[in-house]
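Asker: I have a structure I would like to understand better, so I am pasting it below and will then ask my questions one at a time.
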Amino acid sequence: MTNHHNIGGIDATLSLGEDSILRLRWARGISISEQDARTAMTKVNELCNGVSRPMLVDMATTKAVSRGARAVFGLPCSASRIALLGASDVDKVIANFILGVSKLPCPTRYFTSEPLATSWLREV
């Protein structure tokens, strides 16, 4: 059974699947602000309740990620490893910018295939 939550105030959903993988799905075409990132990370930490879990972040067709949001994504949270999932060259550019700008608190990689991403997340 999947535990699915709408994240109040931002265009994203968060779920915890039977496979123990968190799934954060940003709305299509969103520009992620610092406040959006803070709200999402707060919800991730609440849902995990002190247990570190792998997380899949679906960022396909994300329009932009603000400098403040990138800083928030560089802070430790309950994610043990993060797979960024995109679908286009633009997504890859945004992901590489996120990956290259700050020292991330856990292993993080970019994927265009959800099965490959979830397989990598299960490698513990």
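Asker: Hey, could you check segment 36-57 for residues that are in contact with a helix residue (DSSP H, G or I) (Cβ under 8 Å, 6 or more places away or on another chain) and not basic (Lys, Arg) and say which is surrounded by the fewest Cβ atoms within 10 Å (Cβ to Cβ)? Quick ask: steps written out before the conclusion?
Answerer: Here is the first cut: in segment 36-57, the ones in contact with a helix residue (DSSP H, G or I) (Cβ under 8 Å, 6 or more places away or on another chain) are 36-38, 41, 54-56.
Next cut, not basic (Lys, Arg) only: 36-37, 41, 54-56.
Numbers: ASP36: 23, ALA37: 22, MET41: 19, PRO54: 22, MET55: 24, LEU56: 25.
Filtering segment 36-57 for residues that are in contact with a helix residue (DSSP H, G or I) (Cβ under 8 Å, 6 or more places away or on another chain) and not basic (Lys, Arg), the one surrounded by the fewest Cβ atoms within 10 Å (Cβ to Cβ) comes out as MET41.
Residues checked against (1) over 17 Å from LEU116 (Cα atoms); (2) aliphatic (A, V, I, L, M):
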position	(1), (2)
GLY17	no, no
LEU24	no, yes
ILE32	yes, yes
THR42	yes, no
PHE73	yes, no
SER78	yes, no
ALA95	no, yes
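Asker: Please determine whether any residue of segment 10-18 is under 23 Å from TRP120 (Cα atoms), among the β-branched types (Val, Ile, Thr), at pLDDT 85 or above and within 11 Å of the chain's Cα centre (by Cα).
Answerer: yes
Asker: Next up: Taking segment 74-119, which residues are at pLDDT 85 or above, hydrophobic (A, V, I, L, M, F, W, C) and either assigned to a loop (DSSP other than H, G, I, E, B) or within 16 Å of LEU24 (Cβ to Cβ) (or both)?
Answerer: Across segment 74-119, the qualifying residues are LEU75, CYS77, ALA79, ILE82, ALA83, LEU84, LEU85, ALA87, CYS106, PHE111, ALA117.
This table checks each residue for (1) within 17 Å of ASP11 (Cα to Cα); (2) among the charged types (D, E, K, R).
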position	(1), (2)
ASP36	yes, yes
THR39	yes, no
ASN49	no, no
PRO54	no, no
ALA69	yes, no
LEU75	no, no
LYS92	no, yes
ALA117	no, no
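Asker: Would segment 56-68 turn up any residue that is within 21 Å of TRP120 (Cα to Cα), of a type in the set (D, E, K, R) and out of contact with any Ser or Thr (no Cβ under 8 Å at 6 or more places or on another chain)?
Answerer: Among the residues of segment 56-68, at least one is within 21 Å of TRP120 (Cα to Cα), of a type in the set (D, E, K, R) and out of contact with any Ser or Thr (no Cβ under 8 Å at 6 or more places or on another chain), which makes the answer yes.
Asker: Out of all the residues in segment 28-61, which are over 12 Å from the mean Cα position of the chain (by Cα) and assigned to a loop (DSSP other than H, G, I, E, B)?
Answerer: Listed by number, the residues that qualify are ARG28, GLY29, ILE30, SER33, ASN49, GLY50, VAL51, SER52, THR61.
The values are calculated or read from the model by the stated rules, or taken from the named source; none is laboratory data. What you are looking at is a predicted structure, and each value in this text was computed from that prediction instead of being measured. Cβ sites come from the backbone with ideal geometry, for glycine too, and all protein chains shown count toward neighbours.
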